[in-house]
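To start, the structure itself, in structure tokens.
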Amino acid sequence: MMNDGRVHPAATSSDFSGEYAYSSSDPSSSPLYSFHFEKPVPPPPQHQNKPQPGTYVVQVPKDKVFRVPPPENARLFQHYTRRAKRRAGCSCLRACLYLAVALLSLAVLLAAAVGAVYLAFKPRQPAYTVVSLAVSGLAGVGNASAPGALSPGFAATVRADNSANGKVGVHYDGAGSRVAVSYEGVSLADGAWPAFYQAPGNITVFVAKAKGTGIRFSERERGQMAAAERLRSVPFDVDITVPVRLQLGGLRTWAVPVTVRCAMAVDRLAASAKMVSRSCDVKVPFLFWRN
């Protein structure tokens, strides 16, 4: 120890032991500080399974791993799928059944409505008759000087009798109608039925005209027609087709075709021809019209 008023360590060494003492000028008031340094102890190594040679370890994030369902889930899926198909088939069959029932109910209601209309109006079939048939363009058809091509014309006076229906009116549509005149199967002229409305209980007489052009007869047909005219009985066939609609109070039905076929004979081939014989057949494809 030296007499300079300071305290020195007793000995020094180059090997730092980790402890350090400090003293100020007043050794009584300066505490002694000691520092201790130690190296951190590394954690014990964790046991890891080393991969076998020739193998690879693939690390996948946890949120990307999807669980593989067990095999019994596939059987459950097939079971539910078959059950869903059976349910779909049952639903389709049920829908078809409901549709059939609805159609059957509609048919029953329609039949009931038709029956009610029949009982309320009691419709009857009108009567149609060809009163007369005026002929033009066939004069001298049997003469050798007659032209080769003829243009015959016919004016049929028709009587439509709706007196049997006290509550049913008839609408005749000119569009789609046809009046045809033929001789022994040879078409001579075509025309149309006039459009009009026939009230209940009404009798209407009108003229339906038909016209033909460029009609040629064979020598045999010319001879037959000339001979029939001499006998005062020239036969003609008149075919009439006309769409009609019934008026049942405030209700008008759909169009129904009425067909009239008349076989008649006239005494001459002129406008003043008189009816010698006639026979008419009327066909109406309408279920509740009675003859």
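The sole residue among VAL108, VAL58 that is out of contact with any helix residue (DSSP H, G or I) (no Cβ under 7 Å at 6 or more places or on another chain), modelled with pLDDT of 70 or more, among the β-branched types (Val, Ile, Thr) and surrounded by 10 or more Cβ atoms within 10 Å (Cβ to Cβ) is VAL108. Of all the residues in the stretch 198-224, those that are open to solvent by less than 30 Å² (accessible area, probe 1.4 Å), within 20 Å of GLN247 (Cα to Cα) and not in a strand (DSSP E or B) number 0.
Might you let me know whether the stretch 84-103 holds any residue that is at pLDDT below 85, open to solvent by 40 Å² or more (accessible area, probe 1.4 Å), farther than 30 Å from ALA189 by Cα and not in a helix (DSSP H, G or I)? No, that holds for no residue. Within the stretch 131-190, the set of residues being in contact (Cβ under 8 Å) with a residue 60 or more places away in the chain, under 30 Å from VAL117 (Cβ atoms) and either open to solvent by less than 10 Å² (accessible area, probe 1.4 Å) or not in a loop (DSSP other than H, G, I, E, B) (or both) comprises VAL158, VAL168, GLY169, VAL170, HIS171, TYR172, ARG178.
Condition test on LEU231, is it at pLDDT below 95, farther than 24 Å from ALA180 by Cβ and surrounded by 16 or more Cβ atoms within 10 Å (Cβ to Cβ)?
It is false that LEU231 is at pLDDT below 95, farther than 24 Å from ALA180 by Cβ and surrounded by 16 or more Cβ atoms within 10 Å (Cβ to Cβ).
Taking the stretch 245-257 as the range and being within 27 Å of the chain's Cα centre (by Cα) and either open to solvent by 40 Å² or more (accessible area, probe 1.4 Å) or touching a residue at least 12 places away in the same chain (Cβ under 8 Å) (or both) as the test, the residues that pass are ARG245, LEU251, ARG252, TRP254, ALA255, VAL256, PRO257. Number of residues in the stretch 252-272 that are hydroxyl-bearing (Ser, Thr, Tyr) and in a strand (DSSP E or B) equals 1. Taken over the stretch 258-287, the criterion of being closer than 18 Å to ASP161 by Cα and open to solvent by less than 70 Å² (accessible area, probe 1.4 Å) is satisfied by VAL258, THR259, VAL260, CYS262, CYS280, VAL282, VAL284, PHE286.
The values are calculated or read from the model by the stated rules, or taken from the named source; none is laboratory data. No experiment lies behind these values; they were computed from the predicted model shown. Note that each Cβ is placed from the backbone with ideal geometry, even for glycine, and that neighbours are counted across all protein chains shown. Keep in mind that these areas ignore ligands, DNA and RNA; they rest on the heavy atoms of the full protein, side chains included. Shrake-Rupley method; radii C 1.70, N 1.55, O 1.52, S 1.80 Å.
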